[in-house]
Amino acid sequence: MSAGVVRSALFVPGSRPERFAKALAAGADAVIVDFEDAVEEPLKRQARDNLARFLGEQPQARVWVRVNAPEHPGHADDLAFCAQQAGVAAVLLPKVENPVQVAVAHRTGKPVLPIIETAKGLLALESIARAEGVERLSFGSLDLALDLNLNTESAAAQGFLDQARMAVQLHSRGADLAPPLDGVFPAIGDPEGQQRAMRHAYDMGYGGALCIHPSQVPLIHAVLAPTAEELAWARRVLAASVAANGAGAFQLEGQMIDAPVLLRAQRVLARGGVES
């Protein structure tokens, strides 16, 4: 897993320890062991025990943990667990609604990744994004739609959710955070729909997405990878920049190339894993 570039973050239920190793082998940039929605109430404590056992047997493993929400009775125990485990690389904090909740999670000594998925969280977005310990934000469209009683099949709901997405991206950039992660695409059997959703999020500045099935990981990576044409263009821009001997602006193929265009070319190469 990369502490920097995260395109995919794959959930695995904390109540299914037989899936932990498979999730880590699925190629995702991060694996999230879920203590929250994917775990039934009677199995919450067992989920912590399962992960403690796994990390004890696999000390090289690194995972994120989605703890239970701040109002849940198991929240404090989840945070205490994360603080004690070297294999927990970050805390995914659901249903965040104020920076105090972030501060409590950050006492674990781990980076915090708040999920913006309630109206109150959206209204407190600026203070949450700027709270100490926040590494990146993620967007929980499904829970936000539920909280706001949106008709998710309607164009009106999608327009509202896109405004919320833009706010998350805007405040991420304003707080100098890593690019945010979009929420899960629930239809595992609809790869074309997932590709459209991921491209839409990428076009809005998102760096990747949360996902719920290993088959979704390569789809996300493929959408985020630059095309061969984009890579070729970026290489031509960089080569022309070298030939221009550091000129502030120059022409290439009828296009004016200046600092912003050069930076975009560098970012395309970085997305492709190519050193510029």
Scanning region 40-98 residue by residue, the ones that are of a type in the set (D, E, K, R) and closer than 16 Å to residue 113 by Cβ total 5
Apart from one, (1) part of a loop (DSSP other than H, G, I, E, B); (2) more than 23 Å from residue 82 (Cβ to Cβ); (3) not acidic (Asp, Glu) all hold for residue 164; the odd one out is (1)
Count - residues of region 73-116 that are in contact with a Pro (Cβ under 9 Å, 6 or more places away or on another chain), hydrophobic (A, V, I, L, M, F, W, C), crowded, with 22+ Cβ neighbours inside 10 Å and part of a helix (DSSP H, G or I):
2
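Can you work out which of the residues in region 1-60 that are among the basic types (Lys, Arg) and not in a loop (DSSP other than H, G, I, E, B) is surrounded by the most Cβ atoms within 10 Å (Cβ to Cβ)? So that I can check it myself, show each step before the final result.
Keep residues of region 1-60 that are among the basic types (Lys, Arg), which gives 7, 16, 19, 22, 44-45, 48, 53.
The next check asks that each one be not in a loop (DSSP other than H, G, I, E, B); those that pass are 19, 22, 44-45, 48, 53.
Numbers: 19: 16, 22: 13, 44: 19, 45: 13, 48: 23, 53: 12.
Only one residue tops the list, namely 48.
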Would you check if residue 55 is at pLDDT 95 or above and more than 20 Å from residue 138 (Cα to Cα)?
yes
Unmet criterion (only one of (1) within 26 Å of residue 63 (Cα to Cα); (2) not in a helix (DSSP H, G or I)) for residue 150
(1)
Scan region 7-58 for residues that are closer than 15 Å to residue 89 by Cβ and touching a Ser or Thr at 6+ places or on another chain (Cβ under 6 Å) and jot them down.
28, 29
Of residues in region 1-52 being of a type in the set (Val, Ile, Thr) and within 23 Å of residue 222 (Cα to Cα), the one modelled with the lowest pLDDT:
5
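Could you grab me the full set of residues in region 1-30 that are farther than 15 Å from residue 52 by Cα and among the acidic types (Asp, Glu)? Talk me through it step by step, then tell me what you get.
At the first step, the residues of region 1-30 found to be farther than 15 Å from residue 52 by Cα are 1-11, 22-30.
Correct list: 29 only.
Does at least one position in region 261-275 carry a residue that is charged (D, E, K, R), in a strand (DSSP E or B) and crowded, with 17+ Cβ neighbours inside 10 Å?
First, the residues of region 261-275 that are charged (D, E, K, R): 264, 267, 271, 275.
Adding the requirement that they be in a strand (DSSP E or B) leaves none.
No, region 261-275 contains no residue that is charged (D, E, K, R), in a strand (DSSP E or B) and crowded, with 17+ Cβ neighbours inside 10 Å.
Got a sec? Which of 112, 65 is in contact with a Gly (Cβ under 9 Å, 6 or more places away or on another chain), under 22 Å from residue 29 (Cα atoms) and free of Cβ contacts under 8 Å to residues at least 24 places away in the same chain? Reasoning before the result, please.
Numbers: 65 fails: free of Cβ contacts under 8 Å to residues at least 24 places away in the same chain.
Testing whether each residue is in contact with a Gly (Cβ under 9 Å, 6 or more places away or on another chain), under 22 Å from residue 29 (Cα atoms) and free of Cβ contacts under 8 Å to residues at least 24 places away in the same chain leaves just 112.
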For the subset of region 205-215 comprising residues that are closer than 26 Å to residue 170 by Cβ and at pLDDT 95 or above, which member is surrounded by the fewest Cβ atoms within 10 Å (Cβ to Cβ)?
206
If you go through region 139-160 one residue at a time, how many are loosely packed, with under 13 Cβ neighbours inside 10 Å and either touching a Cys at 6+ places or on another chain (Cβ under 9 Å) or closer than 12 Å to residue 122 by Cβ (or both)?
0
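Would you say residue 133 is over 18 Å from the mean Cα position of the chain (by Cα), at positive phi and touching a residue at least 24 places away in the same chain (Cβ under 8 Å)? So that I can check it myself, show each step before the final result.
On the way: over 18 Å from the mean Cα position of the chain (by Cα): no; at positive phi: yes; touching a residue at least 24 places away in the same chain (Cβ under 8 Å): yes.
So residue 133 fails the test.
Could you list, in sequence order, all residues of region 231-255 that are among the polar types (S, T, N, Q) and over 21 Å from residue 271 (Cα atoms)? Reasoning before the result, please.
If we filter region 231-255 for residues that are among the polar types (S, T, N, Q), which is where we start, we get 241, 245, 251, 255.
Those that are among the polar types (S, T, N, Q) and over 21 Å from residue 271 (Cα atoms): 245, 251, 255.
Considering 49, 29, which residue is in contact with a His (Cβ under 9 Å, 6 or more places away or on another chain) and acidic (Asp, Glu)? Write out each step before concluding.
Details: 49 fails: in contact with a His (Cβ under 9 Å, 6 or more places away or on another chain).
Being in contact with a His (Cβ under 9 Å, 6 or more places away or on another chain) and acidic (Asp, Glu) holds for just one of 49, 29, which is 29.
The values are calculated or read from the model by the stated rules, or taken from the named source; none is laboratory data. On a predicted model such as this, the values are computed, not experimentally measured, just so you know. Ideal geometry is used to build each Cβ from the backbone, glycine not excepted, and the neighbour counts take in all protein chains shown.
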